[in-house]
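Asks: Structure incoming, see below.
The values are calculated or read from the model by the stated rules, or taken from the named source; none is laboratory data. Since the model is a prediction, treat every value here as computed from it, not as a measurement. Backbone-built Cβ (ideal geometry, glycine too); neighbour counts: all protein chains shown. Accessible surface areas use protein heavy atoms only, side chains included; no ligands, DNA or RNA. Shrake-Rupley method; radii C 1.70, N 1.55, O 1.52, S 1.80 Å.
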Amino acid sequence: MYPKYFGLTESGFSITPDPQYLFLSDQHREALVHLQFGAGEGGGFVLLTGEVGTGKTTVCRAFLEQIPDRVDLALIFNPALNSRELLQAVCSEFRIPVALESSSTRQLVSALNEYLLRAHAAGRRPLLMIDEAQNLSPEVLEQVRLLTNLETEKHKLLQIFLVGQPELRELLQQRGLRQLAQRITARYHLGPLKRRETRAYVRHRMRVAGAQRELFTGPALGLVHRKTGGVPRLINILCERALLGAY
């Protein structure tokens, strides 16, 4: 009930990632540019990492709303899979006609390679995005790396985005994954918002939600930043409770 009381069209502080509310701080704008750059590259990896709640998924969804028409996208949101299960998921996302349950790893890779060659011939650019990629085992990450070996004489056939928490960066520093790390053509790490950015972030979300006046004072916004450390998800939770308490 409190949104109506404050003249809002909605709460404005939902923790569900919503590109409509995307606040492009300098670092979020740069992260989005890295994804856009990666989508135009000819294969390899793009790495986007950040602390929990810093807006990685929101940036990715904003990117997906701007994805070029010639890009074919496969999204993996639950990467706690073994190598064969991951290949099954990728083939399913790309709608590759293959008997997923009965096919071997070699057959799945072969079917994927045939699909990528057809896509390349048709001027399409397949892109695989794996969210929460810190949950991938080193063995599965190595399988993911091998997918970038699918290529013509001049072009890699598959672009891969790895999105995850800081543990992913640590994982990629393992000696056994150095070949994958060397293939990362763009990388960016999202951190918390600065104090001035927290103020702008809250005011931005209030404007999008329909606020006609300032609901948070300057000192209140300073306190929000101190209590949340500038983490957008925590800012949303605290501001939501503050508005509810005030109502």
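Asks: Taking the Cα atoms only, what angle lies between the long axis of helix 56-65 and the longest principal axis of the chain, rounded to 10 degrees?
Replies: 70
Asks: Further question on the same structure: Using a 1.4 Å probe on the protein chains only, how many percent of the accessible area of the chain belongs to carbon and sulfur?
Replies: Taking all protein chains in place, the chain shows 50 percent carbon and sulfur surface.
Asks: Under a 5 Å amide H to amide H cut-off, with H placed in plane at 1.01 Å, what residues pair with G44 once short-range neighbours are removed?
Replies: The list, which skips near neighbours in sequence, is L158, I160.
Asks: A further question follows. Nearest-5 percent of antiparallel DSSP beta bridges in the chain?
Replies: 5
Asks: What distance in nm lies between label points placed 7 Å from Cα along the C-beta direction at R195 and I67?
Replies: 4.1
Asks: On average, how much accessible surface per residue is there in the chain, in Å², for a 1.4 Å probe, leaving out ligands, DNA and RNA?
Replies: Computed with neighbouring chains in place, this is 51 Å² per residue.
Asks: Taking Cα pairs under 8 Å and at least six residues apart, what relative contact order does the chain come out at, in percent?
Replies: 32
Asks: Let me ask something additional. Check cross-link reach from K194 to the lysines: straight Cα distance under 19 Å, and skip same-chain residues fewer than eight apart.
Replies: Counting by Cα, and skipping residues close in sequence, K194 has these lysines nearby: K56, K227.
Asks: What's the center-to-center distance, using Cα atoms, between the range 139-199 and the range 1-68 in Å?
Replies: 18
Asks: Calculated FRET efficiency, S104 and I15, Cβ-Cβ r, R0 51 Å, to nearest 0.05?
Replies: 0.80
Asks: Just to verify a number: FRET efficiency for E114 and Q179, C-beta to C-beta distance, R0 = 25 Å, to 0.05?
Replies: 0.55
Asks: Is there a quick way to get the dipole size of the chain? I mean about its Cα centre, with the Cβ of Lys and Arg at +1 and of Asp and Glu at -1; what is the value in debye to the nearest 20?
Replies: Values: 31 positive and 24 negative charges, 173 e Å.
Its charge dipole is roughly 840 debye.
Asks: Placing +1 on the Cβ of each Lys and Arg and -1 on the Cβ of each Asp and Glu in the chain, which of L157, T228, T185 has its Cα farthest towards the positive end of the resulting dipole?
Replies: Ranked along the dipole, the leading option is T228.
Asks: Using the alpha-carbon atoms, what tilt in degrees (0 to 90, nearest 10) does helix 138-147 show relative to the longest principal axis of the chain?
Replies: 70
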